[in-house]
Amino acid sequence: MRFPFRSALAALAPLVLLLLAPAVRAQELTGTYVRYCDVGRSGSLLNGSRSVAYGEVVGSAACDVYAQGGFVEGYAITGTRGASAILVSVGAETSPDVPGVVATVAGRTISWASTAAAAGLAISQELSYGTTDRSVRIRVTLRNTGATAITNLYYSRHSDPDQAICTSSSDYATANDVVRQGPGAGGSLITATNAGVSVGIGSFDSRARASTVSGGTISDWTTPVDPAGVSNDIQVSLIFREPTLAAGASTTFEMYYVFGATSLSAASRFDALAVPACFGEGTVCASGAATGTCRAGSCCAGCWDGISCNAGSSVTSCGRNGAACGACNDGNVCTTDSCTAGSCVVAPVGSGTPCDDGNVCTSADVCSVGATCIGSAVSCDDGLACTSDSCVPSVGCASTVASGCAIDGACVASGTPSPFNVCLGCVPTDSRDSWSPRSAGTACGVPACESGTTLPAPTCDVSGTCVDGAATACTTGRCNVTGDACEGAVPPDMGTPDMGTPDLDGGAMMLDAGPGVDGGSGSDGGGTPIPGGRSSRRSGCAVSAGAESAGGGFLALSLLGLAAMVLTRRRKR
C-alpha cells in the first residue's frame, strides 16, 4: 500500500533497523528465525519502527515485514448490539477506538489487554513463539461488557506485508494466494510472498476465512477473495465470525503468522501446527502422536519431575499428582505452585498481596492469611428509595424499580402527572423510567367562556396530548361574570311604578302602588296573593318583605319629596 514519502522511508529502513537491532524492548520477543516480534500499545504488531522480522537461514539478513512501506498490521471488529452497529478499527500502533496499554512479557509470551468502551468490549491478546520456531501464535479473547448480546460479531486480522523493501526501495507488491480455506480440517491460510520470504496468516478454527482485504470485514468473510498468486500491493486478512456473544460472555480466536521461503514451505509449516508445538511453559503441545505439556522449552508427554521429563505416569514416578504434576496450578491466585521432585508444592503468598477474585462486585481485592482473595463489596446504592439495587458478579450493579417510577434520577409515585405535561405521568404498566400517556379523557384544563361562546375543559388524548373540546355559543349571547359559563335567562321588564297624582289643593296625595302592592299582601306575578310578602319579577321569584327593602326605601323617599312640594305651595299662598 503506497503512502506519501514511502520511497524515502523505504530507503532509510535498512539503516533504521540496523541502528535499532541491538535493543531488546520490553514488548518484544527474539528468536533464531523470527528475529524479533513486537506488540504495540493498541495490540497490533507495530511498535515504533519495529514489527516482525524473519530470516529463513540462521545468520542471514532479516527484513521487517510490516514496519515499513504501508506500516499496516492490526485488526477490526464489527457487530450488532440491538439496532446499533459497533465498530473497532486498529491499523497502526495507536487507535482512538482502543486506549493505549503497554504490553507485558513473561517467558515466551507477550500479554496485552485493553477495552473498547464505545463497543462494549474487553479485548485481551497473547502472543507467543519458541526460540527456534518459524511461526508466531496469537490468541485474542473478546468479552462482551455490555448489558445485551452482540450478534454477528466479526474479528478481522489484517496486514500489508512489504518484506521486499529491504532489497528494493520501490517493490511494495507481494504474490498473494489463499492456499487453505475453511471450514474444514485443513483450516484457512493466505500467504504473501516476495524477495525469498513468504508470510502467511491462518487458523484451524472453523469460524475463520482467509481473504484479501476487499469489500469489508463482513463481505470478506461471506465472499472471500483469492488473488490466486497474482502479485499486487494489497492487504491480506483472516476473518472470524461469532454468531452471538451473550452479555458477559467471552470468545477466543487463535491464529498463526507462519513464515517460509516460499508459499509452499509456509503452508507446510502451517499444516504441522494442527496439533500445536511448544508455545510457552505449561501450554498443551504435541510430541509425535501424543499430547503433552511444554516444560523448559520441550514437549513432555510423560511425567515432569520439576527437572526433567520422565516416561510413565505412575504415582511412584511422578509424585502425589501423578502425571498431572505437570499442572500443579491449584487455580488460587493467592498461592504459588511448583513441582519439586515429582510432587506439587503449594505455598500461600504474603497477606495483603493484591489479587483479583474475578468478581466485579468487589474492589481492592487482597490475599488473606488463609490464602483467600477477598475484596470489599462495591456499593450499588443509587440513592433512590423506590429502587431495589443489587450487584451481579459477572455484570456489575443493577437497579430495579420496585414501586412507581424512577424518572430523571427521582422517584415518582404511580399516577403522578409530569410537571411539564399533565397528559403524561407515571404509568408503571407502560414504563418505569419515563413519562407515559395518562388515560384518555383525563381533564387537562378548565372550562372557559369567551365572546359569548363556551369552551369546555380540554382533555388528554391517547398520545398524551391536551386537546380542546368543541365550542358552543351561549343562548343569551354573553358569558357570566366569572367567564366560565353562559349567563342565565334575560330578566323580564319590571315596568315603572305608578306613583299616583298629588292633590295640591286638598293636601292629600293618593299613591297607586301598582298591581298587587297593597301594603298588606303581595302576589306571585300572576295575581295570586302571597301573605306577608311582596312580589318581585326578578327571575320570577317571590321574595320576603325584607328582601324588598330597596323598593320600600324608594317609596319612602318619593313620599317625602311630594310632602315637601305641598308645604312649599301652601306657604306661597
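Being in contact with a Gly (Cβ under 7 Å, 6 or more places away or on another chain), of a type outside the set (Phe, Trp, Tyr) and either surrounded by 21 or more Cβ atoms within 10 Å (Cβ to Cβ) or over 29 Å from Ala103 (Cα atoms) (or both) holds for only one residue in Arg180, Arg157, and it is Arg180.
Out of the range 59-84, which residues are part of a strand (DSSP E or B), touching a residue at least 40 places away in the same chain (Cβ under 8 Å) and closer than 30 Å to Ala249 by Cα? Residues satisfying the conditions are Glu73, Gly74, Tyr75, Ala76, Ile77, Thr78, Gly79, Thr80, Arg81. For the range 94-136, filtering for residues that are part of a strand (DSSP E or B) and in contact with a helix residue (DSSP H, G or I) (Cβ under 8 Å, 6 or more places away or on another chain) leaves 1.
Scanning the range 420-449 for residues that are within 27 Å of Thr482 (Cα to Cα) and part of a loop (DSSP other than H, G, I, E, B) turns up Asn421, Val422, Cys423, Gly441, Thr442, Cys444, Gly445, Val446, Pro447. The residues on offer are Gly130, Gly100, and the sole one that is touching a Cys at 6+ places or on another chain (Cβ under 8 Å) and over 29 Å from Gly229 (Cβ atoms) is Gly130.
In the range 214-245, the residue that is surrounded by the fewest Cβ atoms within 10 Å (Cβ to Cβ) out of those that are modelled with pLDDT under 90 and assigned to a loop (DSSP other than H, G, I, E, B) is Gly215. Here Arg143 clears all of (1) basic (Lys, Arg); (2) buried (at least 22 other Cβ atoms within 10 Å of the Cβ); (3) under 24 Å from Arg81 (Cβ atoms) except the condition numbered (2). The set of residues in the range 407-431 that are surrounded by 13 or more Cβ atoms within 10 Å (Cβ to Cβ) and either of a type in the set (S, T, N, Q) or under 19 Å from the mean Cα position of the chain (by Cα) (or both) comprises Ile407, Ser414, Thr416, Ser418, Asn421, Ser431.
The set of residues in the range 260-280 that are surrounded by fewer than 17 Cβ atoms within 10 Å (Cβ to Cβ), in contact with a strand residue (DSSP E or B) (Cβ under 6 Å, 6 or more places away or on another chain) and modelled with pLDDT under 85 contains only Val275. Taking each residue of the range 27-42 that is within 16 Å of Ala113 (Cα to Cα) and in contact (Cβ under 8 Å) with a residue 24 or more places away in the chain and looking for partners that are aromatic (Phe, Trp, Tyr) and in a strand (DSSP E or B) with beta-carbon atoms closer than 6 Å, six or more apart or interchain, yields Glu28/Tyr36; Val39/Trp112. For residues that are part of a loop (DSSP other than H, G, I, E, B) and surrounded by fewer than 23 Cβ atoms within 10 Å (Cβ to Cβ), scanning just the range 161-173, find the one that is nearest to the chain's Cα centre (by Cα). Here the answer is Ala173. Only one of the numbered conditions (1) surrounded by 15 or more Cβ atoms within 10 Å (Cβ to Cβ); (2) of a type outside the set (Lys, Arg); (3) under 20 Å from Cys37 (Cα atoms) is not met by Ala122, and that is (3).
Among the residues that make up the range 375-397, is at least one of them out of contact with any Cys (no Cβ under 9 Å at 6 or more places or on another chain), in a strand (DSSP E or B) and modelled with pLDDT under 90? Taking every residue of the range 375-397 in turn, none turns out to be out of contact with any Cys (no Cβ under 9 Å at 6 or more places or on another chain), in a strand (DSSP E or B) and modelled with pLDDT under 90. Checking each residue of the range 302-317 against the condition of being outside any strand (DSSP E or B), modelled with pLDDT under 60 and crowded, with 17+ Cβ neighbours inside 10 Å gives no match.
Return the total of residues in the range 450-474 being outside any loop (DSSP other than H, G, I, E, B), closer than 22 Å to Gly488 by Cβ and of a type outside the set (Val, Ile, Thr).
3
Would you call Tyr66 assigned by TED's automatic domain parsing to the domain that holds Asn144, among the aromatic types (Phe, Trp, Tyr) and out of contact with any Ser or Thr (no Cβ under 6 Å at 6 or more places or on another chain)? Spelling it out, it is not the case that Tyr66 is assigned by TED's automatic domain parsing to the domain that holds Asn144, among the aromatic types (Phe, Trp, Tyr) and out of contact with any Ser or Thr (no Cβ under 6 Å at 6 or more places or on another chain). Entry remark, the range 435-466: residues being farther than 13 Å from Pro417 by Cα, surrounded by 13 or more Cβ atoms within 10 Å (Cβ to Cβ) and of a type in the set (Val, Ile, Thr) number 3 in total. Of the candidates Ser188, Ser198, Ser203, the single residue that is in contact (Cβ under 8 Å) with a residue 40 or more places away in the chain, touching a helix residue (DSSP H, G or I) at 6+ places or on another chain (Cβ under 7 Å), within 22 Å of Val65 (Cα to Cα) and crowded, with 24+ Cβ neighbours inside 10 Å is Ser198.
The values are calculated or read from the model by the stated rules, or taken from the named source; none is laboratory data. Quick caveat: nothing in here was measured; it's all calculated off a predicted structure. Cβ coordinates were reconstructed from backbone atoms using ideal geometry, including for glycine residues, and neighbour counts include every protein chain displayed.
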